[in-house]
Structure formats: structure tokens, C-alpha cells
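One structure below.
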Amino acid sequence: MGMRTGIKGAACVYTAILAFGVLGGLPLKAGAKEVLVAMPMAAENKRTAFRQSMRKLWADHVIWTRSYIVAAVAGTPDTAETASRLLRNQAEIGAAFVPYYGEAIGAKLSQLVKEHILISADVVGALKKGDDAKFQDADMRWHANAVEIAVLLNGANPNWSKEAYVEMFNSHLALTTKEATARILKRWPDDIAAFDELYVKTMLMADDLADGVIKQFPEKI
């Protein structure tokens, strides 16, 4: 039985008890009814909020990455400010893990995802210039960075499979490359389709990250 199913089942049991108004043959006092119902509901609400916060962080990641790609490809004046906002998101991602894994892992994760963004700028720049040698170099560093992130996550929480996360990040990189390439070539439908797919897959990853923390620290969330 999954954690969410167990919580819902517990709520049903409490509701049935309240319907009869007895617990062990004794009448429930007024305050006890609220406590019995509130306990599982509060835990589920907290976990839902945590999942939503994780989704927000990774939604910002793909949205601001796209904003950077759009600005960088067009060469608009907001490119630097957009890059700064995107890098701030990486610091926020690392900070979200600190309450559960400590300052060292949070800082390391921030460093690695910032490197991911800085390399992505090299990727976009190489694609825009049509410099295949620089693209291949940046792409190799990008994939090596993805492995580092997957290793860090797996080392912190065995619920996060190294192999699964390497695969997820590789897909993330491929779709980002596809998105940037389509925009450079003005293939707008392909550009939009790549972002849509990237967004959906990133939200699934955010859910998996949140569920991994909940499984490892059920007493905290």
C-alpha cells in the first residue's frame, strides 16, 4: 500500500468512527473529533504543498531557460538580466534541499545546476554560430555534469536511481538542444513542441524528487 493510499484509508477509518460517534464503546469528546480528522488531512496538505513547491522550482527552471534561449538567440538587451534570474533559480533549487540533506549537499547541488546553466549558454552560443566543435565540447561537458547531478542525488537518497536520473537529464538536455536549434532555424512549431515535451517531463521529475524526500523523511513532511 502506497503512502498516499494509506493516508486516505486512515481518513476513511476516522470518518467511520465519527459517524458512529464512539471509540472503543465510549462517546467522543467534542475536541477529539477535530483532532482525528485533522491529523491525516494536515499531513496530506503539507505533502501536497511540498510537491507544489518542488514543481514551482523546476517550472521556473525550464521557463527561465526558455526565456534565456529566446533572448540569446534574438540578441535582445534583456539577455544578461534573464541569465541572472535563471541562475538565481539554481540557488533556490539547492536551498530547497538543505532542510533535509544539509548545507553541504544543498550547496553542491546549487553549484552543479549552475554549471548546467552556464554550459547551456555555451551550447546555445555554439548552435547560434554553427560552431560544431564548440557545440560538441559543450555538449560533452553538459552530459558529464548531468551524471554528477545524478550521482549526488542518488548518494543523498537511494529512492533516486542514478540510472533513471542520468536518463532523465539526458532527455532534458536533448530536448533543450532541440528547442534551441528549432528557434535558431525559426522552426516555430518544433520549438514549441520541444518546450511542451520538456515541461511535462520536468514536472514528472519534480514529482519524483518530491516523493523521494517524502519517502525518506515522512516525519518531516
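Net charge within 13 Å of PRO189 by Cβ-Cβ distance, Lys/Arg positive one each and Asp/Glu negative one each, not counting PRO189 itself?
Details: positive: LYS178, ARG183, LYS186, ARG187; negative: GLU179, ASP190, ASP191, ASP196, GLU197.
Once all neighbours under 13 Å are counted, the net charge is -1.
Residue by residue through region 153-164, what is 3J(HN,Hα) from phi via Karplus (6.51 cos²θ - 1.76 cosθ + 1.60, θ = phi - 60°)? Round to whole Hz and write x for glycine and proline.
5, 5, x, 7, 8, x, 5, 9, 5, 4, 4, 5
Residues with beta-carbon under 12 Å from that of ASN157, excluding ASN157: net charge, scoring Lys, Arg +1 and Asp, Glu -1? Intermediate values should be presented prior to the final figure.
Working: positive: LYS162, LYS215; negative: ASP208, ASP211.
Net charge in that neighbourhood comes out at 0.
Hull surface divided by four, with the convex hull built on the Cα atoms of region 113-157: how many nm²? Walk me through the numbers on the way to the answer.
Details: hull surface 11.1 nm².
Dividing the Cα hull surface by four gives the mean projection, 2.8 nm².
If you wrap a convex hull around the C-alpha atoms of region 35-154 and split its volume per residue, what is the figure in Å³? Mind showing how you got there, number by number?
On the way: hull volume 13.3 nm³, N = 120.
With only Cα atoms used, region 35-154 gives 111 Å³ per residue.
Most exposed first by the Cβ proxy, i.e. fewest other Cβ within 10 Å, how do THR177, THR76 rank?
On the way: THR177 19, THR76 10.
Least crowded to most crowded, the residues run THR76, THR177.
Say each of ASP208 and THR48 gets a label point 7 Å from the Cα, pointing the same way as Cα to Cβ; how far apart are those two points in nm?
Reported label-point gap for ASP208 and THR48 is 2.5 nm.
Using only the alpha-carbon atoms, what does region 85-221 span along each of its principal axes? Please give whole angstrom values in decreasing order.
Projected onto its principal axes, the Cα set of region 85-221 covers 50, 29, 27 Å.
Looking at this model, which pairs from LYS46/LYS108; LYS178/LYS220; LYS162/LYS220; LYS178/LYS215; LYS134/LYS201; LYS128/LYS215 are more than 32 angstrom apart at the alpha-carbon?
Details: LYS46/LYS108 26 Å; LYS178/LYS220 39 Å; LYS162/LYS220 24 Å; LYS178/LYS215 34 Å; LYS134/LYS201 27 Å; LYS128/LYS215 43 Å.
From the list (LYS46/LYS108; LYS178/LYS220; LYS162/LYS220; LYS178/LYS215; LYS134/LYS201; LYS128/LYS215), the Cα-Cα distance tops 32 Å for LYS178/LYS220; LYS178/LYS215; LYS128/LYS215.
Sum up the charges of everything whose Cβ sits under 13 Å from the Cβ of GLU148, counting Lys and Arg as +1 and Asp and Glu as -1, but leave GLU148 out.
Around GLU148, the surrounding residues sum to +3.
For GLU167 and ALA144, compute 0.36 nm times the residue count separating them, minus their Cα-Cα distance, and round to one decimal in nm.
On the way: separation 23, 0.36 × 23 = 8.28 nm, distance 1.23 nm.
Taking GLU167 through ALA144 to full extension adds about 7.1 nm, to one decimal.
Bear in mind these aren't lab numbers, they're just calculated from the coordinates by the rules spelled out. None of the values given here were measured: they were computed from a predicted structure. In this analysis, Cβ positions are derived from the backbone assuming ideal geometry, glycine residues included, and neighbour counts consider all displayed protein chains.
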